[in-house]
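A short worksheet on the structure shown next.
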């Protein structure tokens with residue numbers, strides 16, 4: 001089974017002037033065309049089919065307290081994702097994303113989303129709150145009660161000085177220590193900034209996962225030969241284990257950097273040539289690729305594992 005752990009959906013009418021500005025700013029920072037209206041569910045389905053990906057995990061990022069808030073309420077956006085998951089129930093796994101500054105409403109929205117079939121909680125601290133702020137504690141407690149994973153979103157998408165303000169590694173470590181029974185996913189970790197943060201979380205490997213999309217990660221795909229792409233992935237495996245790595249694309253943001261089909265194929269083919277193995281370079285084996293491409297995500301969400309038939 002292949003699962004893309006990191007995707008987003010919206011419709012053109014949901015894109016407010018503020019969100020359009022956010023997309024344009026992202027384009028300038030990352031030097032890519034965000035193709036801002038591509039995120040319609042039908043377009044995602046087409047790309048999944050082309051890439052032979054079985055399921056996509058849909059993030060809900062709550063920008064309610066920023067200029068980038070959508071032209072719809074967070075309640076309506078959650079219902080849009082729920083409806084899309086129902087319509088494409090064989091393809092989509094939905095996550096509920098809320099901002100803790102909503103207070104009691106945030107807790108009600110999480111409960112509602114999970115009751116409607118969503119599978120986890122997305123927190124986007126770089127929208128302006130701290131991971132150890134007391135307003136977030138009730139959300140952690142509820143996730144623990146509901147036994148759902150928490151995805152901490154935005155690691156490599158935000159310039160480091162700003163990101164560190166809200167995703168301070170030591171603050172993150174405090175949260176991970178306090179909730180050892182909650183599964184946490186850091187998304188995306190890329191191959192640069194994520195390594196430092198994951199090194200701090202290394203002792204929590206049983207409940208901390210890293211999702212491996214990110215601009216630096218996917219940018220390398222079209223710039224380096226396959227034999228070099230496997231090395232950073234192999235080092236990530238050596239650092240925190242392939243059983244804690246999740247494949248993601250951050251669709252549709254990086255489609256202009258590398259198409260979903262190409263990114264999937266790079267992971268599928270990420271194996272060090274036999275002639276280079278005696279040199280000691282890290283690699284990925286068949287079991288590692290199965291873990292990364294879908295088995296880990298399936299286990300995280302309790303999805304029945306279906307092994308893809310070899311052609």
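The values are calculated or read from the model by the stated rules, or taken from the named source; none is laboratory data. Treat the numbers as computed from the prediction; the structure is a model and nothing was measured. Virtual Cβ from ideal backbone geometry, glycine too; neighbours counted across all protein chains shown.
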Study note, to complete from the structure: Checked 157, 186 against criteria (assigned to a loop (DSSP other than H, G, I, E, B), closer than 20 Å to residue 251 by Cα and either in contact with a helix residue (DSSP H, G or I) (Cβ under 8 Å, 6 or more places away or on another chain) or modelled with pLDDT under 95 (or both)); the one match is 157
Check your understanding: With respect to residue 16, is the statement that it is buried (at least 16 other Cβ atoms within 10 Å of the Cβ), within 20 Å of the chain's Cα centre (by Cα) and at pLDDT below 95 true?
Key -> no
Review point. Say we look at the range 286-304 and pick out the residues that are surrounded by 11 or more Cβ atoms within 10 Å (Cβ to Cβ) and more than 18 Å from residue 269 (Cα to Cα); which of these is modelled with the lowest pLDDT?
Key: 303
**Study point:** Candidate set from the range 231-245 (those that are crowded, with 20+ Cβ neighbours inside 10 Å and in a helix (DSSP H, G or I)); member that is nearest to the chain's Cα centre (by Cα)
**Key:** 244
Practice item. Name every residue in the range 62-113 that is surrounded by 22 or more Cβ atoms within 10 Å (Cβ to Cβ), out of contact with any strand residue (DSSP E or B) (no Cβ under 9 Å at 6 or more places or on another chain) and at pLDDT 95 or above, in order of residue number. Key: 106
Practice item. Output yes when any residue across the range 28-43 is touching a residue at least 12 places away in the same chain (Cβ under 8 Å), crowded, with 21+ Cβ neighbours inside 10 Å and assigned to a helix (DSSP H, G or I), and no when none is. Key: yes
Review point. What tally of residues in the range 65-89 results from selecting those that are touching a residue at least 40 places away in the same chain (Cβ under 8 Å) and not in a helix (DSSP H, G or I)?
Key: 9
Review point. Is it the case that residue 309 is at pLDDT below 80 and either more than 19 Å from residue 6 (Cα to Cα) or exposed (fewer than 15 other Cβ atoms within 10 Å of the Cβ) (or both)?
Key: yes
Check your understanding: With respect to the numbered conditions (1) in a helix (DSSP H, G or I); (2) closer than 26 Å to residue 295 by Cα, which one is the sole condition not fulfilled by residue 61?
Key -> (1)
Review point. Considering the range 118-130 alone, what residues qualify as being in contact with a strand residue (DSSP E or B) (Cβ under 7 Å, 6 or more places away or on another chain) and either in a loop (DSSP other than H, G, I, E, B) or surrounded by fewer than 20 Cβ atoms within 10 Å (Cβ to Cβ) (or both)?
Key: 118, 119, 120, 124
